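Working notes, beginning with the structure itself.
The values are calculated or read from the model by the stated rules, or taken from the named source; none is laboratory data. Bear in mind that the values here come from a model prediction, so they are computed numbers and not experimental data. A quick note on method: Cβ atoms are made from the backbone with ideal geometry, for glycine too, and the neighbour counts reach across all protein chains shown. Areas reflect the complete protein model, heavy atoms only, side chains present, ligands, DNA and RNA absent. Shrake-Rupley method; radii C 1.70, N 1.55, O 1.52, S 1.80 Å.
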Amino acid sequence: MSTQAQQRIALVTGGSRGIGAAIARRLARDGFAVAINYASSAAEADALVRDIQQAGGRAAAVRADVSRAEDVRAMFGQVESELGRIDVLVNSAGILEIKPLAETSDELFERTFAINTRGTFNTLREAAARLADGGAIVNVSSTTVVLNLPGYSVYIASKAAVESLTQVFAKELRGRRITVNAVAPGPVATELFMKGKSAELIEHYAKMPPLERLGQPDDISGVVSFLAGPDAGWVNGQVLRANGGIA
Ligand code: NAP
């Protein structure tokens, strides 16, 4: 067990629920002090902090709407003062609303890009100055980017942009020994995926990958643990599609 002085610090956006919560738990088990960002799910974030602390770890909940640059700036400041300098940033905050392009409102287009794309941009820009040298960044994209499913146009576009930011930012951090990668999950059994789908449709998605099951949040947290850890030190600017072989 590392001492507090040597302990690495991770910030997980959208860490209150779903995949982000599994990532926060896993990084805490890996020995990180973990900052758990949320926008509205304070009770879930606080409960997760308590769980991690009861297991002997260090954690703090931090509220910020990632689509707002001033919130993100304040979030980095709060994490630095409560836990210390950030080594690992994981961008898991995201939303999905399925709608044919022709029926997509201006508001839905803007909200999707504000949270999924601008939210990632905001934390990356802040991380450029504030992440510790030798750190790691993991952005959460989506395998829908290569599936091109009807109804997902705006969501896919917002995540394709995240993959582009990942690849360019990895090069812009030359000299800092910071890796920047993305994980692109296939269908994972969280509220984001389940919401509004019939049992038949969920079963249809579950049968799509050759592994014939939905992903679970820990299928993704293990990949993030790898990308944030020492074994992935030479993996940089990549998109790892963790999806049961769906694409
Ligand atoms: P989820 O269960 O709905 O959780 C979403 C998380 O994002 C929550 O913690 C939520 O916090 C946070 N969030 C939403 N808007 C936010 C904002 N403006 N600022 C800060 N946090 C915000 O979703 P999930 O399935 O875990 O998805 C996590 C990531 O994986 C997303 O980027 C998603 O696009 C991606 N993904 C998911 C799947 C899947 O099948 N589940 C597949 C591919 C990719 P609050 O509740 O506090 O708002």
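Scoring Lys171 on the criteria (1) open to solvent by less than 30 Å² (accessible area, probe 1.4 Å); (2) of a type outside the set (Phe, Trp, Tyr); (3) more than 15 Å from the ligand (Cβ to nearest atom) leaves a single failure, condition (1). Only residues that are touching a residue at least 60 places away in the same chain (Cβ under 8 Å) and either touching a helix residue (DSSP H, G or I) at 6+ places or on another chain (Cβ under 7 Å) or open to solvent by 20 Å² or more (accessible area, probe 1.4 Å) (or both): list them for the range 185-194, please. Scanning the range 185-194 gives Pro185, Val188, Thr190, Glu191, Leu192. Selection over the range 205-234 of residues that are within 14 Å of the ligand (Cβ to nearest atom) and free of Cβ contacts under 8 Å to residues at least 12 places away in the same chain gives a count of 0. Assess whether Arg176 counts as being more than 16 Å from the ligand (Cβ to nearest atom) and over 18 Å from the mean Cα position of the chain (by Cα). Yes, satisfied. Filtering Ala55, Ala35, Ala24 for residues that are open to solvent by less than 20 Å² (accessible area, probe 1.4 Å) and over 14 Å from Ser221 (Cβ atoms) leaves a single hit, Ala35. If the condition is being closer than 21 Å to Asn91 by Cα and either aliphatic (A, V, I, L, M) or free of Cβ contacts under 8 Å to residues at least 12 places away in the same chain (or both), then the range 143-164 contributes Val145, Val146, Val154, Ile156, Ala157, Ala160, Ala161, Val162, Ser164.
So that you can scan it fast, the table gives a plain yes or no per residue for (1) among the small types (Gly, Ala, Ser); (2) open to solvent by 50 Å² or more (accessible area, probe 1.4 Å); (3) within 14 Å of Ala182 (Cβ to Cβ):
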| site | (1), (2), (3) |
| --- | --- |
| Met75 | no, no, no |
| Asp106 | no, yes, no |
| Thr123 | no, no, yes |
| Val140 | no, no, yes |
| Thr143 | no, no, yes |
| Leu149 | no, no, no |
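Would a scan of the range 195-206 turn up a residue that is open to solvent by less than 20 Å² (accessible area, probe 1.4 Å), in contact with a Gly (Cβ under 7 Å, 6 or more places away or on another chain) and at pLDDT 95 or above? No, there is no match, as no residue in the range 195-206 is open to solvent by less than 20 Å² (accessible area, probe 1.4 Å), in contact with a Gly (Cβ under 7 Å, 6 or more places away or on another chain) and at pLDDT 95 or above. Candidates Ala182, Ala161: the one that is surrounded by 22 or more Cβ atoms within 10 Å (Cβ to Cβ), under 15 Å from the mean Cα position of the chain (by Cα) and within 16 Å of the ligand (Cβ to nearest atom) is Ala182.
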